[in-house]
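What follows is a set of notes on a single structure, which appears directly below.
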Amino acid sequence: MDKGALMQRHLFVPDTQIRKGVDIAHLDWLTYFALDKGPTKVIFAGDWWDLPSLSTFNPRGSLSTEGARLRHDIEAPRRCIERVVGRWYEAGWLPEIHFCMGNHENRFRRAVEAAPHLLDGYPDPFQCLRDLDIKVHPFLEIVKLDGVAYSHFFPHNAQGKVMQNKNGAPSARAQCQRLLSSTTAGHQQGLDVAVIPTPSGLTRGLIAGSFYLHDEEYIGPLNHYWRGMIMKNNVRGGDYTLCEVDMPYLERKYGRLSPRGRRFA
């Protein structure tokens with residue numbers, strides 16, 4: 001490796017699923033951690049927006065009754081991303097930032113397609129990302145950075161073909177084998193990591209889809225899964241040194257600066 005080349009460090013931020021009323025103290029922890037470590041690239045997995053008002057959208061119903069909820073669903077995550085990235089910029093730190101649209105963000109597009117007359121003229125809720133100079137990648141588009149393929153999830157079958165758009169690979173290992181590449185996805189709760197030796201080097205698979213403090217009611221007693229972010233050091237040709245940045249570590253490090261319990265009303 002060229003000694004003069006900049007060492008690539010990727011900060012991967014899994015799904016946050018922000019909505020009105022959830023604890024967002026960890027977003028301050030994200031802000032502080034990134035400023036302390038200074039990764040060259042930040043990649044958001046998607047599902048930053050939760051958009052629960054669109055989760056059971058029915059074109060035969062009326063979205064007008066959900067108008068107030070939809071505005072709240074859009075506003076809270078927007079203010080959060082502007083706060084996080086805005087503070088980075090205010091500090092003079094200007095990383096390359098990527099945002100992979102998730103299935104939750106895709107709820108808005110599906111609602112528009114199903115009932116355009118109800119959302120005609122509604123402003124693009126994700127324009128704020130572009131206004132912040134974030135590179136936005138459509139739902140399920142694959143972006144390759146320093147040899148690592150990123151997407152919200154990879155809906156490929158064992159032959160590498162896209163057969164559906166609702167679920168990703170069953171494991172980080174299968175994800176790599178199906179894409180024949182180092183891959184990183186969000187979407188699934190918890191953390192799954194695979195390291196596969198190949199004749200050309202190591203191929204790394206990673207699935208991490210939970211960066212939030214709140215519990216999801218639909219999961220019930222199974223809410224005890226890994227939560228946090230991923231820092232990848234020395235990223236080159238799809239290989240890297242993996243560093244787990246779990247939620248307990250972030251709280252120990254930055255909880256005094258921003259205690260739990262911070263919410264949008």
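The values are calculated or read from the model by the stated rules, or taken from the named source; none is laboratory data. From a predicted model like this one, the values you see are computed outputs, not experimental measurements. Please note: Cβ atoms are built from the backbone with ideal geometry, for glycine as well, and neighbour counts cover all protein chains shown.
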- Query: residue 146 is checked against (1) on the phi > 0 side of the Ramachandran plot; (2) among the charged types (D, E, K, R); (3) at pLDDT below 95 and fails just one. What number does that condition carry?
  - Reply: (3)
- Query: What about residue 35, is it exposed (fewer than 15 other Cβ atoms within 10 Å of the Cβ) and at pLDDT 95 or above?
  - Reply: yes
- Reported set for the stretch 156-174 where residues are under 25 Å from residue 11 (Cβ atoms) and within 18 Å of the chain's Cα centre (by Cα) is 168, 169, 171, 172
- Taking first residues from the stretch 206-217 that are over 23 Å from residue 193 (Cα atoms) and second residues anywhere that are at pLDDT below 95 and of a type in the set (A, V, I, L, M), the pairs with Cβ under 7 Å that are 6 or more apart or on different chains are 214/22
- Message: Condition first: within 16 Å of residue 45 (Cβ to Cβ), modelled with pLDDT of 95 or more and surrounded by 13 or more Cβ atoms within 10 Å (Cβ to Cβ). Can you find one or more residues in the stretch 247-264 that meet it?
- Response: yes
- Item | From 207, 196, residue being within 19 Å of residue 15 (Cβ to Cβ) and assigned to a strand (DSSP E or B) | 207
- Query: How many of the residues in the stretch 156-193 are surrounded by 17 or more Cβ atoms within 10 Å (Cβ to Cβ) and part of a strand (DSSP E or B)?
  - Reply: 7
- Hey, residue 47 hits all of (1) over 25 Å from residue 209 (Cβ atoms); (2) part of a loop (DSSP other than H, G, I, E, B); (3) modelled with pLDDT of 95 or more but one; which does it fall short on? (1)
- Which residues, taken from the stretch 235-250, are in contact with a helix residue (DSSP H, G or I) (Cβ under 7 Å, 6 or more places away or on another chain), over 15 Å from residue 22 (Cβ atoms) and in a helix (DSSP H, G or I)? 250
- Item | Residue selected from the stretch 216-234 under the condition under 30 Å from residue 147 (Cβ atoms) and in a loop (DSSP other than H, G, I, E, B), by the criterion modelled with the lowest pLDDT | 225
- So, of the residues in the stretch 107-155 that are charged (D, E, K, R) and not in a helix (DSSP H, G or I), which turns out to be surrounded by the most Cβ atoms within 10 Å (Cβ to Cβ)? 146
- Kindly indicate the residue of the stretch 94-133 that is touching a residue at least 40 places away in the same chain (Cβ under 8 Å) and basic (Lys, Arg) and also nearest to residue 49 (Cα to Cα) among those meeting that condition. 107
- Message: Of the conditions (1) at pLDDT 85 or above; (2) more than 25 Å from residue 208 (Cα to Cα); (3) not in a loop (DSSP other than H, G, I, E, B); (4) not basic (Lys, Arg), residue 67 satisfies every one except a single condition; which number is it?
- Response: (1)
- Only one of (1) surrounded by fewer than 19 Cβ atoms within 10 Å (Cβ to Cβ); (2) touching a residue at least 60 places away in the same chain (Cβ under 8 Å) does not apply to residue 90, and that is (2)
